[in-house]
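Peer 1: Sharing a structure with you now.
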Amino acid sequence: MSRGTRSLGARSWLVLVFAFLYIPILCLVVFSFTSGEITTQFDGFSLRWYQALLDDGEIQSAVWLSLRIGALAATSAVVVGTAAAFVLTRFRPYFGSSFFAGMSTAPMVMPEVVTGLSLVLLFTHPALSFLGGRGALAIWAAHTTLCAAYAAVLVQSRLREVDRSLEEAALDLGCPPFKVFFIITVPVIAPALVSAWLLTFTLSMDDFVLAAMLSDPGSTTLPVLIFARLHHGLKPEINALATIIVVVVSIAVLTANHIMLSSQNARLRAKQLAAAAD
C-alpha cells in the first residue's frame, strides 16, 4: 500500500470519527430552533423553546447550582491538587510517599458508586450531623475529591518539566520558599493550572452519579434534573439549553487556548531575545 493511500485512509477515518462525534451535536443545535414538540423533528424555525427555557425556573435553579458547585469544586480541586503535585515532585522520597502518590490519584480509578456510597455514609452519620447531611455541601465535597486527582496529575506533569534553576537562584538570593512558589513557580505552571481548572469544572458540571447519590430535593444539579425529566419525555427546551452550553464552552475553550498560546509565544520570544543578547 502506497503512502498516499495510507494517508487518504487515515484522513477518511479521522473525518468519520469527527462526524460521529459532532453531527449529533449539530443536529441538537438545529432541533433547538424547531417550533414543534418533538426533540428530533424540525417543524419550522422558532425561538419558542429558548423563551420556554427562560420561563423554566426549575432548570435555571439547577443550572446556577451546577455552575456554583462546579466553580467551587474546580477551584478547591486545583488548590488541593497543586499542593499534592508540589509535594510529590519537590520533596524527596519519604516513608509513605508511594502510598500518598497512590492515594492522590485513587479517585480517578475508584468507581464513583463506591466514592458516592462512602460519602453518603459520612454525611448521613448521626455523629456527623453538623455536616448538614446530603445537599450542595456534600456534592461539592464529592466533586472536589474526584477532581483533585485529575488536577494533581496535570500539575504534576508540568512541575516535572519546570527548570528548577530559577527557583534555586531565588532561594540562594534569600527569597522565602513561599514567595518563590507564588512569584516564580505559579506563573510558569499557569497554563497547567488553567487547564486543570477547566477540566475539573467540566467534570463537576457533567457528573451524575455522585450528584444523584448526594443530592436532596433542594439541591438538584442539572444532570440529575435532566435524567429525572427523561422518564417523562424531554422537550426541545433541553436542546436549547444544550445549545447555549455548547456555545459558551466553545467560546471559553477558544479563549483559553488563545491566552495559553499567546503566553507560550511570549515566553519563547523572551528566551530567543535572551539567547541573542548572550
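The values are calculated or read from the model by the stated rules, or taken from the named source; none is laboratory data. Note that this is a predicted model, so its numbers are computed, not measured. Here Cβ is always computed from backbone atoms with ideal geometry, including for glycine, and neighbour counts include all displayed protein chains. Quick note on the areas: whole protein, heavy atoms, side chains included, nothing else; ligands and nucleic acids left out. Shrake-Rupley method; radii C 1.70, N 1.55, O 1.52, S 1.80 Å.
Peer 1: In this structure, is Asp55 open to solvent by 100 Å² or more (accessible area, probe 1.4 Å) and acidic (Asp, Glu)?
Peer 2: Against the criterion (open to solvent by 100 Å² or more (accessible area, probe 1.4 Å) and acidic (Asp, Glu)), Asp55 qualifies.
Peer 1: Just need a number here: residues in region 149-162 that are open to solvent by 40 Å² or more (accessible area, probe 1.4 Å) and either in contact with a helix residue (DSSP H, G or I) (Cβ under 8 Å, 6 or more places away or on another chain) or assigned to a helix (DSSP H, G or I) (or both).
Peer 2: The qualifying residues number 6.
Peer 1: Could you check region 246-275 and list, in sequence order, the residues that are modelled with pLDDT of 80 or more and of a type in the set (D, E, K, R)?
Peer 2: Across region 246-275, the qualifying residue is only Arg269.
Peer 1: Among what's in region 95-148 and is without any contact (Cβ under 8 Å) to a residue 60 or more places away in the chain and part of a loop (DSSP other than H, G, I, E, B), pick the residue that is least open to solvent (accessible area, probe 1.4 Å).
Peer 2: Selected residue: Gly96.
Peer 1: Take the conditions more than 30 Å from Glu237 (Cβ to Cβ), basic (Lys, Arg) and either part of a helix (DSSP H, G or I) or more than 22 Å from the chain's Cα centre (by Cα) (or both) and apply them to Arg92. Does it pass?
Peer 2: Yes: the conditions hold for Arg92.
Peer 1: Please list, ordered by first then second residue, the pairs with beta carbon atoms under 8 Å, 6 or more apart or interchain, first in region 81-94 and among the basic types (Lys, Arg), second surrounded by 15 or more Cβ atoms within 10 Å (Cβ to Cβ).
Peer 2: Arg90/Leu159
Peer 1: I would also like to ask the following. Pull up region 29-47, narrow it to residues that are touching a residue at least 60 places away in the same chain (Cβ under 8 Å) and open to solvent by less than 50 Å² (accessible area, probe 1.4 Å), then point me to the one that is farthest from Asn239 (Cα to Cα).
Peer 2: The qualifying residue farthest from Asn239 (Cα to Cα) is Gly36.
Peer 1: Next question, about the same structure. Yes or no: region 60-70 includes at least one residue that is touching a His at 6+ places or on another chain (Cβ under 8 Å), over 14 Å from Glu237 (Cα atoms) and not in a loop (DSSP other than H, G, I, E, B).
Peer 2: Yes, region 60-70 contains a residue that is touching a His at 6+ places or on another chain (Cβ under 8 Å), over 14 Å from Glu237 (Cα atoms) and not in a loop (DSSP other than H, G, I, E, B).
Peer 1: Okay, moving on. Checking Ile183 against (1) touching a residue at least 12 places away in the same chain (Cβ under 8 Å); (2) open to solvent by less than 70 Å² (accessible area, probe 1.4 Å); (3) in a helix (DSSP H, G or I), which single condition isn't satisfied?
Peer 2: With respect to (1) touching a residue at least 12 places away in the same chain (Cβ under 8 Å); (2) open to solvent by less than 70 Å² (accessible area, probe 1.4 Å); (3) in a helix (DSSP H, G or I), Ile183 is out only on (2).
Peer 1: In addition: How many residues, within region 95-106, are under 21 Å from the mean Cα position of the chain (by Cα) and more than 23 Å from Leu146 (Cβ to Cβ)?
Peer 2: Qualifying residue count for the region: 0.
Peer 1: Here are some residues: Thr243, Thr202. Which one is open to solvent by 30 Å² or more (accessible area, probe 1.4 Å) and either assigned to a helix (DSSP H, G or I) or modelled with pLDDT under 85 (or both)?
Peer 2: None of the other options fit; the residue is Thr202.
Peer 1: If you take the residues of region 207-219 that are in contact with a helix residue (DSSP H, G or I) (Cβ under 9 Å, 6 or more places away or on another chain) and at pLDDT below 90, which of them is least open to solvent (accessible area, probe 1.4 Å)?
Peer 2: By that ranking, first place goes to Ser219.
Quick grid of which residues meet (1) exposed (fewer than 11 other Cβ atoms within 10 Å of the Cβ); (2) at pLDDT below 90; (3) under 25 Å from the mean Cα position of the chain (by Cα):
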{"residue": "Pro177", "(1), (2), (3)": "no, yes, no"}
{"residue": "Val194", "(1), (2), (3)": "no, yes, yes"}
{"residue": "Glu237", "(1), (2), (3)": "no, yes, yes"}
{"residue": "Ala277", "(1), (2), (3)": "yes, yes, no"}
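Peer 1: What are the residue pairs meeting all of these: first residue in region 158-174, first residue closer than 23 Å to Ala196 by Cα, second residue β-branched (Val, Ile, Thr) and part of a loop (DSSP other than H, G, I, E, B), Cβ atoms under 7 Å, and 6 or more apart or on different chains?
Peer 2: Note: pairs meeting the criteria are Arg158/Ile189; Leu159/Ile189; Val162/Ile189.
Peer 1: Which members of region 66-94 meet the condition of being under 21 Å from Pro177 (Cα atoms) and either open to solvent by less than 30 Å² (accessible area, probe 1.4 Å) or basic (Lys, Arg) (or both)?
Peer 2: Those that are under 21 Å from Pro177 (Cα atoms) and either open to solvent by less than 30 Å² (accessible area, probe 1.4 Å) or basic (Lys, Arg) (or both): Val78, Gly81, Thr82, Ala84, Ala85, Thr89, Arg90, Arg92.
Peer 1: Taking the stated definitions as given, is Leu166 over 30 Å from Ile189 (Cβ atoms), open to solvent by 20 Å² or more (accessible area, probe 1.4 Å) and assigned to a helix (DSSP H, G or I)?
Peer 2: no
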